[in-house]
Amino acid sequence: MEDLFTKARAEIAAKYPLIANGLVDHNNAAPEVITQSKKIIADFITHKGNDALSGGLDAFSKISLDFIRLQSRFIRSGKYRAQDAEEMIRDLYQNSEKMEGYYLDGLFLSYAFWPNHAQMLQFYKNRFLANQQEKKSCLEIGVGHGLMALSMLRNLTDVAYTGVDVSPAALKYVQRLMERQKIDSNRFALHEVNVMSARKMANISKPDGGFSYAVCCEVLEHVMQPETLLNRIHDQIQPEAELFLTTVVNIEAEDHVYLFKNTEQIRELTDMCRFQIKEELVLPLPGFPEGPSQPFNYAAVLTKSI
Amino acid sequence: MADPLIQVFAETLNLPEEKISDATSTDNTPEWDSLAAMFLLGAFEDRFNVEFSLEEITKMRSVGIVREILIEKKVDLS
């Protein structure tokens, strides 16, 4: 009997042939990635119900097609269209119709179907979470779709998780995800906070000495001052704590405002904000030619320096 | 007379013009993948001065459909 991931993939390919050849499949992904993708589909159904899968696949396809449209313009202009992070907050993150309509479902399922996202999730689990086994507290900036939190809370039974996000819809999404997955509500706390506000971040209850580690995935490119964001994280975590960070180079999306033009700019920024790179994963987007505007997904395990 | 739409497809997909017709589609043309779609959108914008909505991009599965969309947008394809 065909599994749900294979059926879902076939459904996308039939409805949206333009994006079919870029999806995770048995030819381009390791067995553990396929297993992971199947689990994400199963988690989505647990979260939203069986009947919601088709709608979720449409949401994922929408963000994939939107990427084609926006990246086409980026290739020619060399800059991201969105330039106002506050406008993004108003128009998207605080717009529950858009967030619940397609954005969160689409991004959740992107970790099942986009090869680079799938690999970054593997890297997160194998190269970061695996080393946080006995740590007691985590801060996640940008809870979003909740997959990072879910992986963490499933695999690390000792950790108390604090997640912040500027979007009430994202927090509601993750609250429900955790409930449906039967994660003990005493193990996680979710807060609606704009991390760029020092005053609001100061209201978050922080363990003595700081959080044991932090996670910040796909947020850096959504703020106008990424150094402020990294400095905030630096303030919140213990000395020598690790941070798992992901961002993008030359990849357009409706809510990307800060453009990293190459991976060196990311490294310079993390160095300036007093983080050392322990390990990196740099994934070119398949099919794009090498060159100055080449798009990449970037992930790193960083250590806080004093 | 040269068909400007066929010309755009030919140049972008790196195929001879005589191989392209309104029946050319994502199903029968392996060169027409998501990456090519990005470059096609850019080429359409340059040549015909149009932008496309997500709904229009979703429909663009064949040269014939692209032609219909451009005609609806009052693009002169002569």
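The values are calculated or read from the model by the stated rules, or taken from the named source; none is laboratory data. As the structure is a prediction and not an experimental result, all values here were calculated from the model. Every residue, glycine among them, receives a Cβ derived from its backbone with ideal geometry; neighbour counts consider all protein chains shown.
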query: So, in the stretch A:80-105, of the ones that are assigned to a helix (DSSP H, G or I) and hydroxyl-bearing (Ser, Thr, Tyr), which residue ends up nearest to the other protein chains (Cβ to nearest Cβ)?
result: A:TYR102
- request: Working only within the stretch A:194-225, note down all residues that are within 11 Å of A:ILE141 (Cα to Cα) and modelled with pLDDT of 95 or more.
  value: A:ALA214, A:VAL215, A:CYS216, A:CYS217, A:GLU218, A:VAL219, A:LEU220
field: Near pairs, Cβ below 8 angstrom, 6+ apart or cross-chain, from the stretch A:265-278 (of a type in the set (Gly, Ala, Ser)) to any residue that is modelled with pLDDT of 95 or more
entry: none
Residues located in the stretch A:233-288, provided they are within 25 Å of A:ILE89 (Cβ to Cβ) and of a type in the set (Gly, Ala, Ser): A:ALA253
message: For a quick check of your reading of the model, give me the residue pairs whose first member lies in the stretch A:158-180 and is farther than 23 Å from A:LYS98 by Cβ and assigned by TED's automatic domain parsing to the domain that holds A:ASN203, whose second is modelled with pLDDT of 95 or more and part of a helix (DSSP H, G or I), with beta-carbon atoms closer than 7 Å and at least 6 apart or on different chains.
response: A:VAL159/A:MET152; A:ALA160/A:ARG187; A:TYR161/A:ALA149; A:TYR161/A:MET152; A:TYR161/A:LEU153; A:TYR161/A:ARG187
- prompt: Taking A:GLN122, is it polar (S, T, N, Q) and modelled with pLDDT of 95 or more?
  reply: yes
- request: Please tell me if A:ASN250 is over 16 Å from the mean Cα position of the chain (by Cα) and within 23 Å of A:VAL301 (Cα to Cα).
  value: yes
- prompt: Across the stretch A:9-33, what is the number of residues that are under 25 Å from B:THR58 (Cα atoms), free of Cβ contacts under 8 Å to residues at least 60 places away in the same chain and under 23 Å from the mean Cα position of the chain (by Cα)?
  reply: 4
- prompt: Got at least one residue in the stretch A:127-136 being in a helix (DSSP H, G or I) and surrounded by 20 or more Cβ atoms within 10 Å (Cβ to Cβ)?
  reply: yes
task: At least 3 residues that are surrounded by 14 or more Cβ atoms within 10 Å (Cβ to Cβ) and within 14 Å of another protein chain (Cβ to nearest Cβ) in each: list the helices (runs of 4 or more DSSP H) lying fully within the stretch A:1-79 that qualify.
output: A:4-15, A:17-20, A:53-77
message: Anything in the stretch A:284-304 that is on the phi < 0 side of the Ramachandran plot, free of Cβ contacts under 8 Å to residues at least 40 places away in the same chain and outside any strand (DSSP E or B)? List them, or say none.
response: A:PHE288, A:PRO289, A:GLU290, A:PRO292
query: Would it be correct to say that A:THR247 is closer than 20 Å to A:ASN116 by Cα and assigned by TED's automatic domain parsing to the domain that holds A:LEU139?
result: yes
- prompt: Taking the stretch B:16-37 as the search range and keeping residues that are touching a Lys or Arg at 6+ places or on another chain (Cβ under 8 Å) and closer than 23 Å to A:ALA59 by Cα, which one is nearest to the other protein chains (Cβ to nearest Cβ)?
  reply: B:THR26
statement: Checked the stretch B:50-78 for anything within 13 Å of chain A (Cβ to nearest Cβ) and over 16 Å from B:ASP22 (Cα atoms); matches are B:VAL50, B:GLU51, B:PHE52, B:SER53, B:LEU54, B:GLU55, B:GLU56, B:ILE57, B:THR58
Total residues in the stretch A:199-223, condition under 17 Å from A:ILE89 (Cβ atoms) and either more than 18 Å from the chain's Cα centre (by Cα) or among the basic types (Lys, Arg) (or both): 3
